[in-house]
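A quick write-up on the structure given underneath.
The values are calculated or read from the model by the stated rules, or taken from the named source; none is laboratory data. Since this is a predicted model, take the numbers as computed values, not measurements. Counting neighbours? That spans all protein chains shown, and the Cβs are built from the backbone with ideal geometry, glycine included.
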Amino acid sequence: MDIGYEQLTLSKYYVIFKIIIIYFIKLSDEISMNLRSKIYIAGHRGMVGSAICRALKARGYHHIILRTSSELDLRNQQAVADFFANEEPEYVFMAAATVGGILANSTYRANFIYDNLMIETNIIHSSWVNNVTKLMFLGSSCIYPKLAPQPLKEPYLLTGELEPSNESYAIAKIAGIKLCESYRDQYDCNFISVMPTNLYGYGDNYDLKTSHVLPALIRKFHEAKITNQPFVKVWGTGKPKREFLFADDLANACLFLMSNYNDKELVNVGTGVDLSIGELANEISSIIGYEGQISWDSSKPDGTPRKLLDVSKLRSLGWKSSVSLQQGIRLAYADFLKSAYAELSVA
Ligand code: GDP
């Protein structure tokens, strides 16, 4: 009888102990992303989304939800609403966007503003409706005023006129930041905004009509080298300055911020170092081993004179970029050589 009572008492403690453990596991699940979390990466086929996907998988996250744009058109409100209701993700990385370089941005203004506004509105609203624990919105350094003091600090947002060549895109990205802030204020959602500088990396866009400068120059110098061209045409004057971050570095920063940052104010992500387009062209040309000349095409726009991010906030949180520009260009060039674009160059 006594033994039975002791057993009963022990099993009672065991049940209480188990309940406490389950409670703490649930609590920690709600507080921060962990290997059990259900994570949706919007735009996982893009350069940034695929880098985030690689970073998550490398750390052992396995409950990752992915949809290609043909499986889920993020501009379609009902499709996005149904997807979120069915999948109920806990964490969302918003890396889906219509993006492009200076020429694409000024040529396809309607696509850039419409696609990005629809994608952001649908995902952010559905994340609130379906109680997403935390969402990270990815913007761009072009949200800052064209002539803002350098380096660009987070509070400079909306303090002046934007650069006209990417105004539609910038307005859409500013709307994304304001959506996150508004849902935080009104509904207490943990939606954060991260502003990366100019990016490059694996799986970049090498189409010269729509690409950014760094992949464009990799392709141009490579083609000029293998076809023995005496000079390479580079757009603008070469004087504007830009900062470049390797996309896998950005992905590491995103994972860091998803676990360590919960405030309303946006956070810049960059290297804190910039260089002129002329210096970049020389660097890429020497890494590729091109021995000809550079010819500047001043019929093409320079865009904003400078957009160096102030990364002191991110550094004070404890994150710093680790891939140098030279290392990054070498990695990107090796990736380019494996792509279909390199085959096109040979043809
Ligand atoms: P931005 O940072 O939004 O201006 O975007 P880009 O990466 O497209 O352009 C950055 C700078 O590089 C601008 O001053 C461009 O004129 C210059 N640039 C030089 N050559 C090229 C090129 O072949 N493609 C692109 N996209 N930009 C180039």
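Do any helices (runs of 4 or more DSSP H) entirely within segment 41-107 hold 3 or more residues that are within 16 Å of the ligand (Cβ to nearest atom), and if so, which? Break it down stepwise before answering.
Values: elements: 47-58, 77-87, 102-107.
So the answer is 102-107.
Pull up segment 267-304, narrow it to residues that are of a type in the set (D, E) and either near the ligand (Cβ under 9 Å from one of its atoms) or under 17 Å from P215 (Cα atoms) (or both), then point me to the one that is surrounded by the fewest Cβ atoms within 10 Å (Cβ to Cβ). Quick ask: steps written out before the conclusion?
Within segment 267-304, the subset of a type in the set (D, E) is 274, 279, 283, 291, 297, 302.
Next, only the ones that are either near the ligand (Cβ under 9 Å from one of its atoms) or under 17 Å from P215 (Cα atoms) (or both) stay: 274, 279, 283, 297, 302.
Numbers: D274: 22, E279: 14, E283: 16, D297: 11, D302: 16.
Applying the filter and picking the extreme gives D297.
Figure legend. Inter-residue proximity from segment 53-68: first residues of a type in the set (G, A, S), second residues outside any loop (DSSP other than H, G, I, E, B), beta-carbon distance below 6 Å, spacing 6+ or different chains. Indicated pairs: A55/A251; A55/N252; A55/L255.
What's the total number of residues in segment 213-240 that are more than 9 Å from the ligand (Cβ to nearest atom) and either of a type in the set (F, W, Y) or closer than 30 Å to I52 by Cβ (or both)? Residues meeting the conditions: 4. Does I287 fit the bill of being over 27 Å from P151 (Cα atoms) and part of a strand (DSSP E or B)? It is false that I287 is over 27 Å from P151 (Cα atoms) and part of a strand (DSSP E or B).
Within the set K307, K320, the sole residue that is out of contact with any Pro (no Cβ under 7 Å at 6 or more places or on another chain), charged (D, E, K, R) and crowded, with 21+ Cβ neighbours inside 10 Å turns out to be K307.
Here N262 meets each of (1) away from the ligand (no atom under 15 Å from the Cβ); (2) farther than 24 Å from I177 by Cα; (3) not basic (K, R) with one exception, condition (2). The residues listed here are Y202, Y169; of these, the one that is at pLDDT 95 or above, aromatic (F, W, Y) and assigned to a loop (DSSP other than H, G, I, E, B) is Y202.
For segment 144-153, does any single residue satisfy the condition of being within 18 Å of G49 (Cβ to Cβ) and more than 16 Å from the ligand (Cβ to nearest atom)?
Pass one, segment 144-153, residues within 18 Å of G49 (Cβ to Cβ): none.
Checked against the condition, which is being within 18 Å of G49 (Cβ to Cβ) and more than 16 Å from the ligand (Cβ to nearest atom), segment 144-153 yields no hits at all.
Of all the criteria given as (1) within 17 Å of the chain's Cα centre (by Cα); (2) in a helix (DSSP H, G or I), the one not satisfied by I192 is (2).
The single condition from (1) surrounded by 18 or more Cβ atoms within 10 Å (Cβ to Cβ); (2) within 11 Å of the ligand (Cβ to nearest atom); (3) of a type outside the set (S, T, N, Q) that P196 fails is (2). Among the numbered conditions (1) touching a Leu at 6+ places or on another chain (Cβ under 9 Å); (2) of a type in the set (A, V, I, L, M, F, W, C); (3) within 14 Å of the ligand (Cβ to nearest atom); (4) over 18 Å from K264 (Cα atoms), the only one that I119 does not meet is (3).
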